[in-house]
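Trainee: My structure is below; once you've seen it, I'll send some questions.
Each value in this text was obtained by applying a stated rule to the coordinates, not by laboratory testing. Predicted, not measured: the structure shown is a model, and the values here were computed from it. Neighbour counts are summed over all protein chains in view; Cβ atoms, including those assigned to glycine, are modelled from backbone coordinates with ideal geometry.
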Amino acid sequence: MFPPTAPLAALIGWLSLGFLSADWTTGNRVEEEGEGPQNDQGTPHPKKPPHIIFILTDDQGYNDIGYHNPSIRTPTLDRLAAEGVRLENYYVQPICTPSRSQLLTGRYQIHTGLQHSIIRPRQPSCLPPHLSTLPQRLQQAGYATHMLGKWHLGFYRKACLPTRKGFDTFFGSLTGSVDYYSYGSCDGPGLCGYDLHDNEGVAWGQQGRYSTLLYTQRARKILEAHDPASRPLFLLLSLQAVHTPLQPPKSYIYPYRHMFNVARRKYAAMVSTVDEAVHNITYALRKLGYYRNSVIVFSTDNGAQPFTGGSNWPLRGRKGTYWEGGVRGVAFVHSPLLKRRRRVSKALLHITDWYPTLLGLAGGNVSQSEVLDGFDVWPTLSEGKPSPRHEILHNIDPLHTPHSPRSHTLTFDTAPKGTQRQGGRLNTTKPTKKKKKRKKKKPPKRPAKPVPRPGGRSRDARGSRQPPRKHKSKILGGSKARRYPLLRDSPDEQNHLTSGGTESGSLQGSRPRRPPRTRSKIHPRSRATGHHYQGDTQPGPTPATSHNNTNDTPVTGQPPGATATPQWSQHIFDTNVQAAIRVGDWKLLTGDPGHGDWVPPQMLSSLPGPWWTLERTSTSSSSSSSSKAAGRKNVWLFNISGDPYERWDQSAQRPDVVTALLERLAFYNRTAVPVFFPPDDPRADPALHGGAWVPWVEEDEGRGVEEEQELYRGVYKQRRRKKEKTMMKQKQMSKLNSYVLKLNNQLTSSLV
């Protein structure tokens with residue numbers, strides 16, 4: 001071998017020096033102080049916009065991933081989480097549509113009009129047209145945006161489709177639940193249609209191909225067709241797994257053959273399909289040159305449904321509830337761009353935080369005109385800095401209140417005119433009339449022989465009458481007590497009902513025999529600024545809690561040993577409205593939080609019925625054992641840091657904390673927009689559109705999306721008033737029946 005010449009040696013030395021000075025081996029050192037695009041908080045982001053891969057699963061519970069439950073085989077997810085940052089204090093919404101809307105808009109659902117339930121396939125509803133979405137902002141930042149999988153944010157107009165909301169391409173389903181092989185979707189018995197779309201057209205001919213594998217194959221095609229060096233990529237892979245129906249491929253069930261419960265076995269197999277899909281996508285990212293400048297986010301949209309194989313153990317509650325099992329999500333971030341990796345983060349995070357965080361990574365600035373509820377948490381994720389978030393509004397749903405025309409608000413109503421207080425309770429009956437009626441009551445005349453009387457006494461042998469018992473008034477009084485319970489309680493009893501209870505339902509002091517019926521004073525179809533908020537124009541004070549505080553120190557500056565009289569039930573917030581908020585370590589729930597049991601995996605039941613009933617909000621959840629015990633409660637308070645499983649209700653012991661959190665709810669309630677929850681439109685029937693779910697309102701009908709939404713304003717208000725009128729008629733009929741019964745008893749007594 002000949003020695004190199006001098007010029008060649010100099011050239012090799014110069015190239016070696018430049019090659020080594022490039023420092024190519026440190027792929028995560030892409031942020032330097034004072035360089036790169038800045039977000040609103042002045043935190044540096046990577047110089048080059050990274051590729052963003054967001055993987056969203058459906059109905060995956062806290063106990064449905066390998067690093068929480070070794071019986072679930074998810075090696076890829078476990079490895080990615082271990083090499084990245086696991087998020088163990090991360091929250092989502094309890095059902096599908098609210099989580100997805102908050103992910104794409106960065107706003108709480110009280111600011112989008114989607115406070116109530118989900119968007120049904122036949123509902124003419126979708127994301128508000130005036131709100132910019134995350135993919136739209138990423139498009140403005142130069143990104144190529146693609147979406148695969150489940151949309152579930154409305155499609156009644158073409159303006160509501162994903163391709164009109166910022167995505168360059170879309171391949172997936174528009175409704176909430178689809179068959180994994182046939183892609184049929186039902187909105188009740190007999191209302192089924194085909195639901196697989198490619199951009200804005202129906203993707204016929206895909207029956208028989210498993211959806212999770214089909215979406216993964218399309219994702220690889222998108223990665224192969226895109227040049228990672230020319231343009232950054234945003235890919236939202238919104239898998240329908242592990243939502244019902246439980247349809248895993250048979251080959252994935254075999255590793256879980258030891259599981260006794262069939263639903264749990266199938267559910268675990270579907271989680272394994274998700275793990276394999278993530279493996280194939282991350283392999284493609286490495287192979288095609290995306291990985292070194294990419295951010296991979298994995299998140300679930302809500303908690304699991306135990307009735308269909310999921311598990312949130314040891315958390316309390318399930319999907320559709322505001323207990324921890326319904327809102328605490330499984331999530332992690334994996335990226336070579338993270339400065340501090342291989343750790344577990346317990347910083348408080350919410351799904352709305354992804355909007356400003358990912359937009360900041362893309363080099364965009366959140367406009368001052370956009371009032372977002374999310375925070376840029378990239379410094380928290382990358383460097384382990386404290387989270388800028390200290391509170392989370394889970395929701396305020398003014399439509400989810402006790403449905404009864406006799407309902408009232410415990411905390412704000414006053415007694416009607418003409419009422420009198422009897423035994424510490426407000427009685428709406430008129431005792432003077434009763435006295436007159438009692439004067440008319442006469443004993444029967446001239447009985448032939450001693451006649452036994454129900455509840456009374458008979459004549460003796462001498463024919464003298466003994467004082468009879470008031471059996472007539474007892475019958476009438478009993479009927480009224482059953483049909484017309486005392487409607488209102490005294491303030492003292494109201495305080496007992498709202499503040500003196502424990503989680504098991506036992507309250508201090510006297511209690512009425514029937515649970516109080518209440519009516520929400522929050523208007524269901526208008527901005528929630530009822531009469532009890534009039535004059536209260538200043539926002540409520542923020543509780544002075546420390547995020548790292550795990551003891552029971554007061555949040556309002558009250559000394560720990562001080563005793564406080566419960567004052568939080570007066571003129572703050574209607575606690576009969578379903579709402580939930582987290583401030584620091586404290587979590588407050590009002591109204592009906594939903595099914596509140598702790599369901600271990602080994603006690604799972606089989607599928608109780610049709611799948612479409614699982615996401616419908618219902619007040620029948622009070623039939624559960626825990627809900628029966630807490631049937632009279634409408635306020636719960638937990639210290640989540642010290643009691644993550646929500647087993648110790650402290651609402652009675654800490655009224656100061658309850659008051660502070662109710663003030664925060666009242667503050668958020670004043671910023672809420674009207675609820676938009678229109679009735680089903682019969683024109684959406686797939687039978688009218690070739691057997692497929694497609695937009696059914698034409699764009700040239702003369703009304704825009706906003707005008708279409710205004711068409712349905714007040715619909716539920718009218719329905720509720722109509723229902724109340726019907727119930728009032730029934731009440732009048734009951735009064736008439738009582739009068740007839742009374743008359744019949746009098747005639748019968750006279751005949752006897």
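Trainee: Could you sort out which of Lys221/Lys339; Lys319/Lys346; Lys48/Lys339; Lys48/Lys385; Lys150/Lys250 sit more than 26 Å apart by Cα distance in this structure?
Mentor: Lys221/Lys339
Trainee: How large is ³J(HN,Hα) for each residue in the stretch 104-113, as worked out from phi by the Karplus curve 6.51 cos²θ - 1.76 cosθ + 1.60 (θ = phi - 60°), to whole Hz, x for Gly and Pro?
Mentor: Residue by residue, the stretch 104-113 yields 8, 10, x, 10, 5, 6, 5, 9, 10, x Hz.
Trainee: Once phi is turned into ³J(HN,Hα) by the Karplus curve 6.51 cos²θ - 1.76 cosθ + 1.60 with θ = phi - 60°, what whole-Hz value does each residue of the stretch 171-177 show in order, with x for glycine and proline?
Mentor: Coupling constants for the stretch 171-177: 9, x, 10, 9, 8, x, 8 Hz.
Trainee: Quick check: pseudo-label points 7 Å beyond the Cα along Cα→Cβ at Arg647 and Lys158, how many nm apart are they?
Mentor: The answer from the label model is 5.8 nm.
Trainee: Note the full-extension length gain between Glu370 and Tyr254 as 0.36 nm times their separation in residues minus their Cα-Cα distance, in nm to one decimal.
Mentor: My answer for the length gained is 36.7 nm.
Trainee: A further question follows. In whole Å, largest first, what are the principal axis extents of the Cα atoms in the stretch 112-235?
Mentor: 50, 37, 21
Trainee: Shifting gears a bit: Whole Å is fine, so just give me how far the alpha carbon centre of the stretch 303-351 lies from that of the stretch 147-194.
Mentor: Cα centroid to Cα centroid, the span is 25 Å.
Trainee: Let me ask something additional. Need the full-extension length gain, Leu736 to Arg683, defined as separation in residues times 0.36 nm minus the C-alpha distance. One decimal, nm.
Mentor: 14.8 nm
Trainee: Of all beta bridges DSSP finds with both residues in the stretch 50-389, what is the antiparallel percent, to the nearest 5?
Mentor: If I count the DSSP bridges inside the stretch 50-389, around 35 percent turn out antiparallel.
Trainee: In addition: Compute, for the stretch 50-389, the length of the dipole vector about the Cα centre, with Cβ point charges of +1 (Lys, Arg) and -1 (Asp, Glu) only. Units Debye, rounded to 20.
Mentor: 540
Trainee: Under the rule of at least 5 residues apart or a separate chain, name every residue whose amide H is placed under 5 Å from the amide H of Tyr91.
Mentor: Counting only residues 5 or more places away or on other chains, the set is Gly329, Leu349, His350, Ile351.
Trainee: Mean separation of Cα pairs under 8 Å and 6+ residues apart, divided by the residue count of the stretch 50-389: what relative contact order is that in percent?
Mentor: RCO, the stretch 50-389: 31 percent.
Trainee: In what sequence do Trp151, Trp323, Trp696, Trp313 fall when counting other Cβ within 10 Å, fewest first?
Mentor: Trp696, Trp313, Trp151, Trp323
Trainee: May I pose another question? Residue by residue through the stretch 240-251, what is 3J(HN,Hα) from phi via Karplus (6.51 cos²θ - 1.76 cosθ + 1.60, θ = phi - 60°)? Round to whole Hz and write x for glycine and proline.
Mentor: 7, 5, 10, 5, 5, x, 7, 9, x, x, 4, 5
Trainee: Semi-axes of the equivalent ellipsoid for the stretch 50-389, please: Cα gyration tensor eigenvalues, times 5, square-rooted, ordered largest first, whole Å.
Mentor: Semi-axes from the Cα gyration tensor: 26, 24, 21 Å.
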